[in-house]
Structures are given as C-alpha cells and as structure tokens.
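A.B. asks: Can you read through this structure? Questions will come right after.
We did not get these values from a lab; they are worked out from the coordinates using the rules stated. Predicted, not measured: the structure shown is a model, and the values here were computed from it. Glycine also receives a Cβ, built like all others from the backbone with ideal geometry; neighbour counts cover every protein chain displayed.
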Amino acid sequence: MAKSITSEFTKGLWNEIPPFRLVLGLCPVLGVTTTMQNGLGMGLATTFVLICSNILVSALRNLIPGKVRIACFIIIIATFVTVVELAMQAYAYQLFQQLGMFIPLIVVNCIVLGRAEAFAFKNNVMLSAADGLGMGIGFTLSLGALGGVREIIGTGTFYGASLFGPSFQPFSFMVQAPGAFVCLGLMLCIMNMFGSK
Amino acid sequence: MREMIKMVVVLTLLSAFSGGLLAAVRVGTKDQIENQELKFVKGPVIMQIFKGASNDPVKDRFKISDGDIERIFFVGIFDGKASRVILETSSSGFADTLGLMLGIDVDDDKIMSAGVTTHKETPGLGAKAATDPSWITQFKGISVLNEIKVTNDGGEINAISGATVTSRAVCLAATDAGKIYSRLKPQILEKLKDFTK
C-alpha cells in the first residue's frame, strides 16, 4: 500500500484525530482546556514537539537499536519539550504561567511517544513530518474546540472577549475537572455520531 | 557484544546532542526569561512598593556581589533623590520557598513597604501574606537593623491567624534582608549616588 504525504497529513485531522479518535493524551486535554487560548497554546507546543521528534526519530531509525528505542525516543522528545518550555518562558510568559506543569508533561504524552513508535520508526522522513504536522494540527484543533466550549459556558467569554455581558451567570462547573470529563464525553459522542468508524 | 556497544554509543551520542542543544537554547533565552520574570512576577510587586516613584524601578537596578551570590537592588527615586531600594530575599514557607521584596529607606533604615512574590502557601490562610495588603503593611516603619519577629516570639508583627509558619517565614525573610542590607550598606549608598541626578 503506497502511502501519500497528503493522506498521512489528513488522517490526523479527522480519521485519526488524536483525542477524539485515538483517545490518547487525555491528561493535557482535560487539564489545560479551561480556556480556548490555553488549549491552542498547549496544542501548538505539542505540535512542535511532534513534528521535531517525528523527523528526528525517522531520520535516525536505522541507527537506533531496537532494544533501546524507547529510551532514545524519550531523550529526543524530552529535549524538544525543554526547548519549547524555555522558548515559551522567554516569549510567552503569561501562557507559560497558565500551562505551568503541563508543559514538561508533554514528554509523557502518549501521542508523541505513540507516533514515534507506531509511525516515525517505520516510515521515511517526509511521511513522518506530514504525520506529525497532521496529528499536531488535529490535536490543536481538538484542544481549541474543547477549550472554546468550556470557556463559553464556564466563564462566558470567547478567546478572552466577553460574550453575554455582565448579567450572564457563568456555569463554573464546566471549567473545573468534572466539567472537562463531561464536555469531552459529549464531544466524543458527537464525533461518533457523525463519523463512520 | 557488538549490539551492546552499539546501544551504548547511540545512547551516549544522542544524550550528548541533546545536552548541547539544550545548553545552547538555555544560554540564548536566559536574559529574555529574566526580563519576563521581572515584568510579570516581580514587576507588579515592585511597582506597588514604590508607588509614586518618579522613575521606573524595574529598569533602574544594580547588582552587588555578596560573597558568591549576586544581589539585585531596585532603585526608587522620590522627590528627585534616589533614597530607597528594594531587595528580594527568600525563606522556606509552609510549602516551598517564599520570596519577599522589601523596600528600605536608606535615610533612616526603615521599611517603607513589602510584598510577597513567589509562594505556594495555603489559599485563604498563608496566602493572605501575598493577597491581603493590610497584613503586610504591619512591616511599614519597622527598622531593618533589628530582628523582625511575630508577637508570639516577642516581636511586633501580628501573625496571620492559622498561618504562624507563613508569618514566621515572612519575618525570617525580612530579617535576612535586613542583615544583607546592613552588610552591604556602604556599597549600596555608593551605587545610589549614580542614580541621583
């Protein structure tokens, strides 16, 4: 089966969109999506890590011995995560304060390790880059959507801008942990209604 | 045996590459991160302590080396005279390190104002040291040359009820700041001359 760059890229956007289809990497998905901005920021950070680690793992796939591949993946992923953390601290400090602990936790995000193991280790650099980009954008969109819904209902704002005026009583349950589960569950449900699996 | 050597070599090379990359990024972002911390974490506290100063105290700062440590002092110009400095010290609070900014008037060695910066104290109890401005104003007018203590220990600061550990930590940090200040006073006065124009 010939794999094309386009199909590897687009599968991450719908057919295998990470949190909803693969149901992977739920810790940051539930933890940081209290606002849309946080969701998108986290998504972009993860996208960068995904692309870089996919490219490097794929480029080194013939050199890395099978028995220590996981250790090598972790070194590669952890390096890029730290780069993102430092860069975010230097250029987007407020976002860094918001995301806090979740940035270093990208290291153990199953999506990143999963794509390295399941895809990049077996495919060439171009395909892996396309896969990383697609998965990353899919992840970002999912987090943005989840964050957007929770923000609109939970605090009555959309990307920081007030929507309903001062009389709106925010449904703060949605920005707390249980609200994250409920919202994610409903979105999974909707995805399954429309998607043909 | 050959496989073993290959594993060791690959892991070593990968770690070395990762270490090099991280060191480069760290050096590249260090100053920027310091600026961001000043702007978002320490800046607001400094501005509050030096309310009414005619200069930008975050920008007007100098460093004095105190043994192996470099202390940063922020300068406040009042009535055209650079007579007040802020220095930051820390002590261990109830949970994690507690950072304190202390504004000192060099003319009479008295505290003009103080503010807690970084802390992880209990919300509602110890966190009042940072969030409740009326508590921290107790430090105003106290001489830094003496030890600062809570009333339970024979001092003059009323502890936050239910948060004696935090209150003691703040006093300890303030006492520490006083010691550093009296030790470095000649140098501070020398440096301040450059700011008075």
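A.B. asks: Kindly express, to the nearest 10 degrees and within the range 0 to 90, the angle between helix B:164-193's C-alpha long axis and the longest C-alpha principal axis of chain B.
C.D. replies: Between helix and principal axis, roughly 90 degrees.
A.B. asks: While we're looking at this one, here's another question. Counting other beta carbons within 10 Å of each residue's own, what order do A:5, A:111 fall into, fewest first?
C.D. replies: Least crowded to most crowded, the residues run A:5, A:111.
A.B. asks: Would you check chain A for Lys pairs whose C-alpha atoms are within less than 23 Å, ignoring same-chain pairs closer than 8 in sequence, and give me the count?
C.D. replies: 6
A.B. asks: Return the long-range amide H neighbours of residue A:25 (sequence gap of 5 or more, or a different chain), with a cut-off of under 5 Å between placed amide H atoms.
C.D. replies: For residue A:25, whose amide H was placed from the backbone, the distant partners under 5 Å are A:110, A:111.
A.B. asks: Give me a single rounded figure for B:35-47: the average over its residues of other chain Cβ atoms within 10 Å of their Cβ.
C.D. replies: Mean inter-chain Cβ contacts per residue within 10 Å come to 2.
A.B. asks: Between rounded, prolate and oblate, where does the protein assembly as shown land on the alpha carbon gyration tensor, with a ≥ b ≥ c its root eigenvalues, rounded for a/c under 1.5, else prolate if a/b exceeds b/c?
C.D. replies: prolate
A.B. asks: Related question: With springs only between Cα atoms under 10 Å apart, run a GNM on chain A and tell me which of A:133, A:95, A:63 wobbles the most.
C.D. replies: Comparing A:133, A:95, A:63 in the GNM, the peak value goes to A:63.
A.B. asks: Something else now. Using θ = phi - 60° and the Karplus form 6.51 cos²θ - 1.76 cosθ + 1.60, what ³J(HN,Hα) does each residue of region A:186-194 get, whole Hz, x for Gly and Pro?
C.D. replies: Residue by residue, region A:186-194 yields 5, 5, 4, 4, 5, 4, 6, 5, 8 Hz.
A.B. asks: Moving to a separate point now. Tell me whether region A:18-59 comes out rounded, prolate or oblate; compute the Cα gyration tensor, take square roots of the eigenvalues as a ≥ b ≥ c, and use a/c under 1.5 as the rounded threshold.
C.D. replies: Judged from the Cα gyration tensor, region A:18-59 comes out oblate (a/c at least 1.5, b/c at or above a/b).
A.B. asks: Next question, about the same structure. Less than 19 Å from a label point 7 Å out along the Cα-to-Cβ axis of residue B:78: which backbone N atoms in region B:134-174 qualify, by residue?
C.D. replies: Inside the label zone: B:134-146.
A.B. asks: Please give the calculated 222 nm ellipticity per residue for chain B, where each DSSP H segment of at least 4 residues contributes -39500 (n - 2.57) and the sum is spread over every residue; nearest 500 deg cm²/dmol?
C.D. replies: Theoretical 222 nm ellipticity from helices: -13500 deg cm²/dmol.
A.B. asks: What ranking do A:151, B:156 get, fewest neighbouring Cβ atoms within 10 angstrom at the top?
C.D. replies: Ordered from fewest to most neighbouring Cβ atoms within 10 Å, A:151, B:156 come out as B:156, A:151.
A.B. asks: Can you compute the modelled spin-label distance between residue A:101 and residue B:16, with each label point 7 Å from Cα toward Cβ, in nm?
C.D. replies: About 3.7 nm separates the two model spin labels.
A.B. asks: For A:85, A:117, B:70, which order do you get if you count the other beta carbons within 10 Å of each Cβ and list the fewest first?
C.D. replies: Least to most surrounded, the residues fall as B:70, A:117, A:85.
A.B. asks: Here is a further query. At 0.36 nm per residue, and after removing the present C-alpha to C-alpha distance, how many nm does the segment from residue B:179 to residue B:95 gain when stretched out fully?
C.D. replies: Between residue B:179 and residue B:95, full extension yields 27.8 nm more.
A.B. asks: Once you put a point 7 Å from the Cα of residue A:188 and another 7 Å from the Cα of residue A:161, both along the Cβ direction, what distance in nm separates them?
C.D. replies: 3.3
A.B. asks: Would you work out if region A:5-146 is rounded, prolate or oblate? Take a ≥ b ≥ c from the square roots of the eigenvalues of the alpha-carbon gyration tensor; rounded if a/c is under 1.5, else prolate when a/b is larger than b/c, oblate otherwise.
C.D. replies: oblate
A.B. asks: Calculate the mean, over all residues of peptide A:85-94, of how many other protein chain Cβ atoms lie within 10 angstrom of the residue's Cβ.
C.D. replies: 5
A.B. asks: Which loop chymotrypsin sites (Phe, Trp or Tyr not before Pro) in region A:92-164, with loop taken from DSSP, have no more than 14 other Cβ atoms within 10 angstrom of their Cβ?
C.D. replies: Filter output for region A:92-164: A:159, A:164.
A.B. asks: Quantify how strongly other chains surround peptide B:59-66 by giving the mean number of their Cβ atoms within 10 Å of each of its Cβ atoms.
C.D. replies: Taking all residues of B:59-66 together, the mean is 0.
A.B. asks: Divide by every residue of chain A the summed helix terms, -39500 (n - 2.57) for each DSSP H run of at least 4, and state the resulting mean residue ellipticity at 222 nm, rounded to the nearest 500 deg cm²/dmol.
C.D. replies: -20500 deg cm²/dmol
A.B. asks: What are the ³J(HN,Hα) values, in whole Hz, obtained from phi via the Karplus relation 6.51 cos²θ - 1.76 cosθ + 1.60 with θ = phi - 60°, for each residue of region A:62-75 in sequence order, with x given for Gly and Pro?
C.D. replies: Residue by residue, region A:62-75 yields 7, 8, 6, x, x, 5, 10, 4, 4, 4, 5, 4, 4, 4 Hz.
A.B. asks: Under 5 Å between amide hydrogens, which residues at least 5 positions from residue B:118 or on another chain qualify, with H placed 1.01 Å from N in the peptide plane?
C.D. replies: Under 5 Å from the amide H of residue B:118 lie the amide H atoms of B:99, each far enough along the sequence or on another chain.
A.B. asks: May I pose another question? If R₀ is 25 angstrom, what is the calculated FRET efficiency for the pair residue B:35 and residue B:70, using the beta carbon separation as r and rounding to 0.05?
C.D. replies: That gives a FRET efficiency of 0.95.
A.B. asks: A follow-up question, please. Could you sort out which of B:6/B:30; B:30/B:140; B:81/B:128; B:110/B:193 sit more than 29 Å apart by Cα distance in this structure?
C.D. replies: Pairs exceeding 29 Å: B:6/B:30; B:30/B:140; B:81/B:128.
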